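This report concerns only the one structure given below.
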Amino acid sequence: MRVPVSIASPPLFVLALTAAGLSLAFWPWPLASLLFGGALAGFLLWRRDGLSLLGFIALLLWCGFQVGHHRALILPESLAGQDLTVVGRIVDLPETQGAGVRFFLEPLGPPPGVSGAFPKRLRLSWYDAPLPPKGGETWRFTVRLKPPRGMLDPGQFDYEAWLFRHGIGATGYVRESAPPERLAPAGRFSVDGLRQEVLDRLRAALPEQASAGLLAGLIIGYRGDIAPPQWQTLIDTGTNHLLAISGLHVGMVAGLGFLLGRGLWRGGVRLRAQAARPVLSDRQAGAWLALLFGWAYALLAGFSVPTQRTALMLGVGLSGLLLRREWPISRLLGWAAVLVILIDPLAVLDVGFWLSFGAVALILYVSGNRLRPPDRQIPGWQVAVRLQLALSLGLLPLTALLFLRGSLVSPLANLFAVPWVTFLVTPMALLGAALLFVLPTAGSDLLLFCAFLLDGLMGLLQFLSEGPHARLFFSTPSPWAWPLAALGTLWLLAPAGVPARAYALALWLPLFWPTTQPLPAGEARIEVLDVGQGLSIIVRTQNHTLLYDAGPRANRGFDAGERIVLPALRARGITRLDTLVLSNGDADHAGGAPALLAALPVQRLLSGEIERLPALPAPSPRPEACERGAFWVWDGVRFLVLHPDGQAEASSNDRSCVLRIQAGNGEALLLTGDIERRAEARLVASQSEAHPLRADWLLVPHHGSRSSSTPPFLDAVQARHALGSVGYRNRFGHPHAQVLARYDEAGVPVYLTRDCGTLRFTLGEPRMTGEETVPACPRRDGPRWPWRSGR
């Protein structure tokens, strides 16, 4: 009997529900969303499809409710910076970071004395933890929290969006004012406890194996033990999807369950009713075991979006087999998307959602005549090669949009890695992990063999990643470049008979076009990157690029040079630096330099503190000392070093390299590093026509510390605008209220990366008389995503 809503429901119903769920991805553009939603609703009314219209409206309301619910659970500013006592359960698996650990905590209730809504999930760091927590345990912590906030640079990884998507209402760290206390171990039926137990046994079985972290990724979806060089190799070869549990692995495990269940049933283990006909066929018995295996593996993996998609498709598809009905795979994919959105509407904000469903949709699109033409027989291995090539080409526009990078060796690397990992390593790794609980020695030996197989694969991938042009980087594409590239992909991979498919590649060309307009001579584009509590400024003239400082590098591993500055340069199409200026040797200014120098060619390196610079990789240019009076001219823009002046300085900060940049029309910017009152006084006393101090734009010295930005210095500079690079709620309290008051008294507006994200403006840009330039502020002026704070 056919019911109104079933897997066999009309495709329009599934499409309407999917469109409602995907609407969250277009939240910042309400007019476009309203027009699209109105057009779809009008079409459904015209078709008299009331069921689809009702489903569309209901899912829209559900998604809106979930967004409002998540926003209501974000930590209020009034609780930020306070010591709070929280009792909660460790969810997922903690990630070790040196002597510390980072983990997710789900509070069992609000802290004492806190009324009203409190975040349901926290992301915490515990530095120098003597007893690291484990998944599933219950703990009492004294924590200091702050609302979710991340560095903001258009085109880069949006940490705030990631926190919002995972329901994290606050981040913070564990305080030692009250000793943390473990209240209860993981429950007997806790999935996180089981995953932790598997991880602990795996670490004990493979204590010194380089591939142990890769096996943890394959078995339980835990990536914390994968070494950064290994992860980089996987990214460079486009194989990183394999070394964490993917939908392909879940499908493989379910397939093994199906074959096992079918074989056992055929072997005579049958349940029969009173009649001669068995209650279950062998295919149905295999379907039940496939569901059990697939869902168990998906839960063991942490139920990420790719595993959700595969598990739901398995459930829907195998239910058809159990009911002796068959449904099109495309319909199963659509219902899987609907169910994922129903379970977790914010999944559409996850990169894995688009890659996972996009890959399967692409497989369905090309799995017809393009892979196996009906007029001739093609061996299976050729079909696999064609499919891998089609996936690599078809997903390139999507990876360019999401990651601004691609891999030219991905088709070849995946051709070896997919069968090697999926059909050889993964089954043995799962068996070895299971044997650790019953036959530890046999399990360890089998896992050692799996590690040996992965070592060989990683050697091959490392070789491929070092090839010429193995990595492909894109600058931020224009908004219309991706739709054109997607259309070109569909055209290129269309079935045989579609004319002029080779010309489809022309629609990919906008992906490679720079989106920034070339500068005329005499102008400089300035961008103060949002790197947190540190400094990095990109200065571009018509044909040259200078980077002033390289961002911070923390002792616990975060490297802004690698994670923020380098991607920002690549997103702007910058492939080399003419000059790198490291104002001083402090970690918040020079810490990111080694990562930059290892990845980009740099022609010249200047610094105010050569002796305190971090160890630089080879080959790097020999550092030159900043010397007062040194100057050069690029494309009509003059660069002049004003400090150090060669005299001994009592403070390391006062040895910072001070650089004055003057555009062709006389507009100037003064970059000050970390100078304090002594260096400021010397600059004021030594200013002259040859060494002018006046500037229209001033970088707030030393991030706004009380020991800088003295009134005489501000009077001498006579700036019209001030720029500050500071981290949100940084531990130094920068910029200090007294300093901000000085700028306010001088009538100088201060723009902070903490409040705006990356600050950008053009020095020397022609403007009308009396017109003031205001730097771009993406946090204030950018897309109004529901998670964006600080407006």
Subject >> Charge tally in the Cβ shell below 14 Å around residue 232, where Lys, Arg are +1 and Asp, Glu are -1, residue 232 excluded >> reply: 0
Original post:
For region 561-677, what value does the Rg/Rh ratio take when both radii are computed over Cα atoms and Rh is the Kirkwood radius, given to two decimals?
Top reply: 0.96
**OP:** Roll a 1.4 Å probe over the protein chains and send me the accessible area per residue for the chain in Å².
**Re:** 46 Å²
Original post:
What's the center-to-center distance, using Cα atoms, between region 488-519 and region 729-791 in Å?
Top reply: 39 Å
Subject >> Neighbour-limited loop hits for chymotrypsin sites (Phe, Trp or Tyr not before Pro), region 731-779 (at most 15 other Cβ within 10 Å; DSSP other than H, G, I, E, B) >> reply: 732
Original post:
Hey, got the Cα dimensions of the chain along the principal axes, in Å, largest first?
Top reply: 106, 67, 53
Subject >> Cα-based equivalent ellipsoid of region 28-77: semi-axis lengths in Å, sorted from largest, via gyration tensor >> reply: 29, 14, 4
**OP:** May I ask you to rank 765, 160 by accessible area, largest first, using a 1.4 Å probe over the protein chains only?
**Re:** 765, 160
Original post:
Working out 0.36 nm times the residue gap between residue 506 and residue 325, then minus their Cα-Cα distance, what length gain in nm do you get to one decimal?
Top reply: 60.8 nm
Subject >> Computed E for residue 487/residue 543 - FRET, C-beta separation, R0 45 angstrom, nearest 0.05 >> reply: 0.85
Subject >> Simple Cβ-charge dipole of the chain, Lys/Arg +1 and Asp/Glu -1, about Cα centre, in debye nearest 20 >> reply: 3080 debye
Original post:
Under the Kirkwood approximation for Rh and a Cα-based Rg, what ratio Rg/Rh is obtained for region 371-489?
Top reply: 1.11
**OP:** Give the shape of region 58-105 as rounded, prolate or oblate, defined through the alpha-carbon gyration tensor: a ≥ b ≥ c are the square roots of its eigenvalues, a/c under 1.5 means rounded, and otherwise the shape is prolate if a/b is larger than b/c and oblate if not.
**Re:** oblate
**OP:** May I ask for the distance between the Cα centers of region 150-210 and region 546-608, given as a whole number of Å?
**Re:** 29 Å
**OP:** Work from the charge dipole of the chain (Cβ charges, +1 for Lys and Arg, -1 for Asp and Glu, about the Cα centre) and give the residue of 242, 143, 700 farthest towards its positive end.
**Re:** 242
**OP:** Let me have the 222 nm mean residue ellipticity of the chain computed from DSSP H runs of 4+ only, each contributing -39500 (n - 2.57), with the sum over all residues rounded to the nearest 500.
**Re:** -12500 deg cm²/dmol
Original post:
Using a 1.4 Å probe, how large is the accessible area of residue 258, given in Å² and rounded to the nearest 10?
Top reply: 40 Å²
Subject >> Among 657, 727, 747 - extreme Cα towards positive end, dipole of region 647-766, charges at beta-carbon >> reply: 727
Original post:
In whole percent, how big is the carbon plus sulfur part of the accessible area of the chain, probe 1.4 Å, protein atoms only?
Top reply: 62 percent
Subject >> Charge dipole magnitude, Cβ of K and R +1, D and E -1 - region 613-707, Cα centre, debye nearest 20 >> reply: 140 debye
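Within the set of other residues whose C-beta is less than 15 Å from the C-beta of residue 322, count the net charge using Lys and Arg as +1 and Asp and Glu as -1. Could you put the intermediate results ahead of the total?
Numbers: positive: 262, 283, 324, 325; negative: 282, 326.
Net charge around residue 322: +2.
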Subject >> Point-charge dipole on Cβ atoms (K/R +1, D/E -1) for region 124-245, about Cα centre, debye to 20 >> reply: 400 debye
Original post:
According to the square roots a ≥ b ≥ c of the eigenvalues of the Cα gyration tensor, what is the shape class of region 47-176, taking rounded for a/c under 1.5, prolate for a/b larger than b/c otherwise, and oblate for the remainder?
Top reply: prolate
Subject >> Shape category assigned to region 652-786 from the gyration tensor of Cα positions, a/c cut at 1.5 >> reply: oblate
Original post:
Which listed residue (480, 468, 521) has the Cα farthest towards the positive end of the charge dipole for region 431-539, taking +1 on Lys and Arg C-beta and -1 on Asp and Glu C-beta about the Cα centre?
Top reply: 480
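With an 8 Å Cα cut-off and a minimum separation of 6 or more residues, compute the relative contact order for the chain in percent.
Worked out over the chain, it gives 9 percent.
The values are calculated or read from the model by the stated rules, or taken from the named source; none is laboratory data. Owing to the predicted nature of the structure, the values given are computational and were not obtained by experimental measurement. Positions of Cβ are generated from backbone atoms using ideal geometry, with glycine treated the same way; all protein chains shown enter the neighbour counts. These area figures cover heavy atoms from the full protein model, side chains too; ligands, DNA and RNA do not enter into them. Shrake-Rupley method; radii C 1.70, N 1.55, O 1.52, S 1.80 Å.
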